[in-house]
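Here's the structure we're looking at; comments come further down.
The values are calculated or read from the model by the stated rules, or taken from the named source; none is laboratory data. Given the structure is predicted, the values throughout are model-derived calculations rather than measurements. Note: ideal-geometry Cβ built from the backbone for every residue, glycine included; neighbour counts use all protein chains shown.
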Amino acid sequence: MQHEKQFYIDGQWVDPIKLDLLDVIDPSTEEPFTQIAVGSADDVDRAVAAARAAFPSYGRSTRKERIELLSEILAPTRRSTASPPTCSRPTSSMLARSPRKCARATST
């Protein structure tokens, strides 16, 4: 994750006005594996102001243009999740969802 401590506002990644972090817990280990930024009221106000400013032109865009825009925003996420998940320490819920993948991943 590249921007876990930032927000996507007005077409760019920006730092929070006041940095407040939240641990993200790995459910398989119940241990924190990263931290993400938690937005403040000022961050929300900044995002709402950007959305209001963008709405007139976005509201006139076509369905195709909106899909293209969202695809651009999601592209980095899709690239980073393109490889299949591995199960370094499978839990019973992982095995129930995908027993073959986890069994293969843990047999090596």
Given the criteria in contact (Cβ under 8 Å) with a residue 12 or more places away in the chain, part of a strand (DSSP E or B) and not hydroxyl-bearing (S, T, Y), does I36 qualify? yes
Would you be able to tell me the number of residues in the stretch 1-33 that are under 30 Å from Y58 (Cβ atoms), assigned to a strand (DSSP E or B) and not polar (S, T, N, Q)? 6
Taking Y58 as the residue in question, decide whether it is assigned to a helix (DSSP H, G or I) and hydroxyl-bearing (S, T, Y). yes
Those residues of the stretch 48-74 which are farther than 16 Å from D10 by Cα and surrounded by fewer than 10 Cβ atoms within 10 Å (Cβ to Cβ) amount to R60, T62, R63, K64
Which members of the stretch 1-26 meet the condition of being of a type in the set (A, V, I, L, M) and under 16 Å from V48 (Cα atoms)? I9, V14, I17
Among the residues of the stretch 39-53, which ones are at pLDDT below 95 and not small (G, A, S)? none
Determine, yes or no, whether S93 is closer than 24 Å to F7 by Cβ and either at pLDDT below 95 or part of a loop (DSSP other than H, G, I, E, B) (or both). no
Can you name the condition, by its number, that W13 falls short on among (1) loosely packed, with under 12 Cβ neighbours inside 10 Å; (2) in contact with a Pro (Cβ under 6 Å, 6 or more places away or on another chain); (3) not charged (D, E, K, R)? (2)
